[in-house]
Every structure is written in C-alpha cells, then in structure tokens.
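The values are calculated or read from the model by the stated rules, or taken from the named source; none is laboratory data. All figures in this text were calculated on a predicted structure; none of them were measured in a lab. Heads up, the Cβs are rebuilt from the backbone with ideal geometry, glycines too, and the neighbour counts pull from every protein chain shown.
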Amino acid sequence: MYAYIKGTLEEITEDSVVVETGGIGYNVKVSTTTADLLPGIGSEVKIYTYTLVREDAFSLYGFLTRDDLEVFKKLITVSGIGPKGGLAILSVMSADALRFAVMAGDAKSIAKAPGIGAKTAERVILDLRDKISLEDTLKGLGGPADKAKASADAQTADNQMKREAIEALVALGYSASDATSAVKRVELQENTTVESILKQALKYMF
C-alpha cells in the first residue's frame, strides 16, 4: 500500500519509530539495527515500508534501504517466520550477511536472532537458498570508491576475491555473518590479493 514514508522523525523506541508527514504520525515497526542507524529526533527520514493488513491489525514495517525491504519480504515467505521473526533476524545480521549465511548453510548465525531456533534457521536456509543469488550478496561488498573506479570485469574479479576470502574465514571457523562483515570493511587496492584481504579481514575479527 505504501512504498515509503518521508517525513520528520518524531520518536524512536527499541522496536518502532514515529514519522510525521502531512500532519499524520505513522507508527512504523523497525529492527534494532534500523533504529540504531536513524538520525536524531527532528531529522527528515525516508522509510521504505511493508504494509501488513489483518482483521485485527494494520501494521507498517520500515527499512532504510530497498534491499533490506526486499530481504524482509523473502524472509516472511518462510514457514514459521512472520514479520516479527523477520525483524528479529535483521536485528542481528545485515541483509548481505543473511544472504551469505543462507548460501553457506550457516544456521548457527541465523539462530542468534531472538525467538529463532535451530530448526527454524535451517528452514530459512532451505526455503531461501533458491531465492538468493551470489551476485546479490557480493554486489554491496565494495565501497563507493571501489565501484566508481572499477570496470565491470574488474568488479567481478574483486567480488570473486571477496567471496574466496569469506569462504576461507568460514573454513577457519568464523561465522558467515562475521566473515562477511569483516571482508566488507576491507578497502581494495590496485594490487589486492585474496591473501591480503584475508590478512586485513582477520584484524577486524578481534
């Protein structure tokens, strides 16, 4: 129903915000990660929304990016994962980290979300494995500077190195979400190798 809400941020709680626009205050449920990333009260914000309509409820769920919204929509298609569970998962891991956890079969990382048990985490992996692509996972790993200077072929090579570095970290015993987060922080240089990415990423693991 609503693609997004753009207005003044009037209130922030642990699991919801109030955005005023056109004289109306919209109560929007958000993940703790989204709440932490919001600007201060009184700032203008743009929240991408998912509308849930039931006989006894009309609720809005909000995200700062379309990517987070799309991942949330995929999550709630999983049996046993409602909107509350979807927000819980996105409160403990980013959209990119969730994608890689699904592809790596890392149920342990997904199960860190409150109310999400091991069986439910495994169901998330089973149901979403065919709905998530590697390119979607890797496309956001590079920083703005990387993307601005890289050609399509170079970007593909960079993504391949990052994937290999993440897989190496997972093989060393780190969770897929932690490995993805660490590699995401590494800035690629002209002569970057998988080994150099690993060395830099390991510094962020401690």
Does the stretch 182-195 contain any residue that is at pLDDT below 85, surrounded by fewer than 16 Cβ atoms within 10 Å (Cβ to Cβ) and among the polar types (S, T, N, Q)? yes
Test THR77 against the criterion of being β-branched (Val, Ile, Thr), surrounded by fewer than 19 Cβ atoms within 10 Å (Cβ to Cβ) and under 14 Å from the mean Cα position of the chain (by Cα), and give yes or no. no
Picking from VAL45, VAL53, VAL17, the residue that is under 18 Å from SER91 (Cβ atoms) and touching a residue at least 12 places away in the same chain (Cβ under 8 Å) would be VAL17
Quick one: in the stretch 80-102, of everything that is in contact with a Leu (Cβ under 7 Å, 6 or more places away or on another chain) and free of Cβ contacts under 8 Å to residues at least 40 places away in the same chain, which residue is surrounded by the fewest Cβ atoms within 10 Å (Cβ to Cβ)? GLY86
Check the stretch 118-128 and report whether any residue there is modelled with pLDDT of 85 or more and outside the structural domain of LYS73 (by TED's automatic domain parsing). no
Helices (runs of 4 or more DSSP H) (entirely within the stretch 1-93) containing at least 3 residues that are acidic (Asp, Glu): 66-75
Yes or no: LEU69 within 16 Å of TYR2 (Cα to Cα) and of a type outside the set (Asp, Glu)? yes
Does ASP96 satisfy the condition of being at pLDDT below 95, farther than 21 Å from TYR4 by Cα and either in contact with a strand residue (DSSP E or B) (Cβ under 9 Å, 6 or more places away or on another chain) or of a type in the set (D, E, K, R) (or both)? yes
